[in-house]
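Q: This is the structure I have questions about; it appears just below.
All of the numbers you see were taken from the coordinates with simple rules; none came from a lab. Keep in mind the model is a prediction, meaning the values are calculated, not measured. Note that we place each Cβ from the backbone using ideal geometry, even for glycine, and neighbour counts take in every protein chain shown.
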Amino acid sequence: MIVVEQKPLEDIIDMVKDSDRMLVLGCDGCSGIYQVGGEKQAEVLSSMLRMGKKTKGENKEGDLKIEASTVLRQCDKEIVREALEGSIEGYDAVLSMACGAGVQTVAEVFSEKLVLPAVNTKFIGMQDREMGDLHERCSACGDCILDKTGGVCPITRCAKGLLNGPCGGQVEGKCEVGGYENDCAWILIYNKLKELEKLDQFLQFRLMRDNRISQSPRDLKGGVKYSGGGE
């Protein structure tokens, strides 16, 4: 999932200081699943912003309107349009609690509205519910090689993005980058390929990546099919 974290409250307050009629918009997709930007969080944030503005006396004309809502997925133009069309007219700004793609989707669908980000988009991650952690696992490089590396991504998990084995900086399986706290990706790859009896793949030389594949902005045009959840 796409991992996000809420911006510091003082940054959000400064961002919305000129907006008194605002919709705090949650997303039931990635940010809502692990309770960073869902409906409940949108309601809490809208309440805090209302209290903050009233306390500071910023609502001089008495027309303060800060309300909360949520949509199934903010990164889907049709879902956003159907969920908000008509109801968004009473607001001057939208404070989105979705990832950067969601913020930009709302801004594109309702181009006349000021759309602001309440969260920072961090990475594409794996959720560890037992430990309550989220770990980066994919860089969306556009040329997946997990079939050759035992299901461990060296582009993401190796701090140096090495493609042909470990550097000389690993110690007892730990990476020198970050103070030897993270596992060395290539030691993980070696151990996994050994377990799978596919160590011949470890010895295969991998050419440098063609970075044109991941050159931004990227598109996947036409033929996209949907199943359930807002068809």
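Q: Among all stretches of the chain without exposed chymotrypsin sites (Phe, Trp or Tyr not before Pro) (DSSP loop, at most 13 other Cβ atoms within 10 Å), which one is longest?
A: 1-204
Q: For a Förster distance of 25 Å, can you work out the FRET efficiency between the beta-carbons of residue 126 and residue 47, rounded to the nearest 0.05? Numbers along the way, then the final one.
A: On the way: r = 32 Å, r/R0 = 1.29.
Calculated value: 0.20.
Q: For residue 24, list long-range residues whose amide hydrogen, built 1.01 Å from N in the peptide plane, is under 5 Å from its own amide hydrogen.
A: Residues meeting the amide H criterion: 67, 68, 69, 95.
Q: How far is the Cα center of the range 72-125 from the Cα center of the range 163-219, in Å?
A: 37
Q: On a full-extension model of 0.36 nm per residue, what is the gain between residue 183 and residue 15, subtracting their alpha-carbon distance, rounded to one decimal in nm?
A: 56.6 nm
Q: Please turn the phi angles of the range 152-168 into ³J(HN,Hα) values with the Karplus equation 6.51 cos²θ - 1.76 cosθ + 1.60 (θ = phi - 60°), one per residue in order, whole Hz, x for glycine and proline.
A: Listing the rounded values in order: 10, 8, x, 5, 8, 8, 8, 4, 9, x, 6, 10, 9, x, x, 7, x Hz.
Q: Can you show me the helix-derived [θ] at 222 nm for the chain, built from DSSP H runs with n ≥ 4 at -39,500 (n - 2.57) apiece and divided by the number of residues, rounded to the nearest 500.
A: Helix contribution divided over all residues of the chain: -8000 deg cm²/dmol.
Q: Once you sort the root eigenvalues of the Cα gyration tensor of the range 1-90 as a ≥ b ≥ c, which label holds: rounded (a/c under 1.5), prolate (a/b larger than b/c) or oblate (the other case)? Please list the in-between numbers first.
A: Working: a/c = 2.57, a/b = 1.44, b/c = 1.79.
Oblate is the answer for the range 1-90, as a/c is 1.5 or above yet b/c matches or exceeds a/b.
Q: Now for a different question. In the range 62-76, whose amide N lies under 17 Å from the spot 7 Å out along Cα-to-Cβ of residue 114? List them in ranges.
A: 62-67
Q: Quick query: amide H of residue 119 versus all other amide H atoms, modeled in the peptide plane; which residues come in under 5 Å with a sequence gap of 5 or more or a different chain?
A: Residues meeting the amide H criterion: 7.
Q: Quick one: of 17/113; 122/221; 54/122; 65/113; 40/65, which pairs are farther than 21 Å apart, Cα to Cα?
A: Values: 17/113 16 Å; 122/221 25 Å; 54/122 32 Å; 65/113 15 Å; 40/65 18 Å.
Result: 122/221; 54/122 exceed 21 Å.
Q: While we're on this one: Give the residue list of trypsin sites (Lys or Arg not before Pro) in the range 94-142 that are DSSP loop and have at most 11 other beta-carbon atoms within 10 angstrom. All intermediate terms of the calculation are to be shown ahead of the outcome.
A: Details: sites: 113, 122, 129, 137; in loops: 113, 129.
Answer in residue order: 129.
Q: Name the lysines eligible as straight-distance cross-link partners of residue 194: C-alpha to C-alpha under 16 Å, and not fewer than 8 places from it in the same chain.
A: 148
Q: Please list, in order along the range 127-132, the HN-Hα scalar couplings obtained from phi with the Karplus expression 6.51 cos²θ - 1.76 cosθ + 1.60 (θ = phi - 60°), rounded to whole Hz, x for Gly and Pro.
A: These are the phi-based 3J(HN,Hα) values: 9, 10, 5, 4, 8, x Hz.
Q: Positive end of the charge dipole of the chain (Lys, Arg +1 and Asp, Glu -1 on Cβ, about the Cα centre): tell me which of 116, 70, 3 has its Cα farthest that way.
A: 3
Q: Listed highest first by mean packing, meaning other Cβ atoms within 10 Å per residue, what order do 171-177, 26-32, 212-218 come in?
A: Values: 171-177: 14.4, 26-32: 25.9, 212-218: 8.1.
Ranking, from highest mean packing down: 26-32, 171-177, 212-218.
Q: By how many degrees, between 0 and 90 and to the nearest 10, does the Cα long axis of helix 185-195 differ from the longest principal axis of the chain?
A: Tilt relative to the chain: about 60 degrees.
Q: Just want to confirm a number: the relative contact order over the range 141-212, from Cα pairs under 8 angstrom separated by 6+ residues, in percent.
A: So the answer I get is 31 percent.
Q: Which listed residue (208, 175, 159) has the Cα farthest towards the positive end of the charge dipole for the range 137-216, taking +1 on Lys and Arg C-beta and -1 on Asp and Glu C-beta about the Cα centre?
A: Comparing the listed Cα positions along the dipole, 208 ranks first.
Q: Testing the spin-label approximation: label points 7 Å from Cα along Cα→Cβ at residue 65 and residue 200. State their distance in nm.
A: In this crude label model, residue 65 to residue 200 measures out at 6.9 nm.
Q: Kindly express, to the nearest 10 degrees and within the range 0 to 90, the angle between helix 39-56's C-alpha long axis and the longest C-alpha principal axis of the chain.
A: 50
Q: For helix 100-109, what angle does its Cα long axis make with the longest principal axis of the chain, in degrees from 0 to 90 and rounded to 10?
A: Result, in degrees: 40.
Q: A further question on this structure: With no solvent and one point per C-alpha, what does the Debye sum give as log10 I(q)/I(0) for the chain at q = 0.07, 0.12, 0.14 Å⁻¹?
A: With no solvent term, the Cα-only Debye profile gives -0.33, -0.80, -0.96.
Q: I've got another one for you. Within the chain, what percent of beta bridges assigned by DSSP are antiparallel, to the nearest 5?
A: Antiparallel bridges make up about 45 percent of those DSSP assigns within the chain.
Q: OK, next. Given R₀ = 25 Å, what would the calculated FRET efficiency be for residue 54 paired with residue 5, taking r from the Cβ atoms and rounding to 0.05? If you can, show how the numbers build up before the last one.
A: Working: r = 27 Å, r/R0 = 1.07.
The value I calculate is 0.40.
Q: Suppose a student asked you for the relative contact order of the range 2-123, using Cα pairs under 8 Å spaced at least 6 residues apart; what percent would you report? Kindly include the intermediate steps, with their values, before the conclusion.
A: On the way: 234 pairs, mean separation 43.6, N = 122.
The normalised contact order for the range 2-123 reaches 36 percent.
Q: Based on the alpha-carbon gyration tensor of the range 141-212 and its eigenvalue square roots a ≥ b ≥ c, which shape applies: rounded if a/c is under 1.5, prolate if not and a/b is larger than b/c, or oblate?
A: Cα axes put the range 141-212 in the oblate bin.
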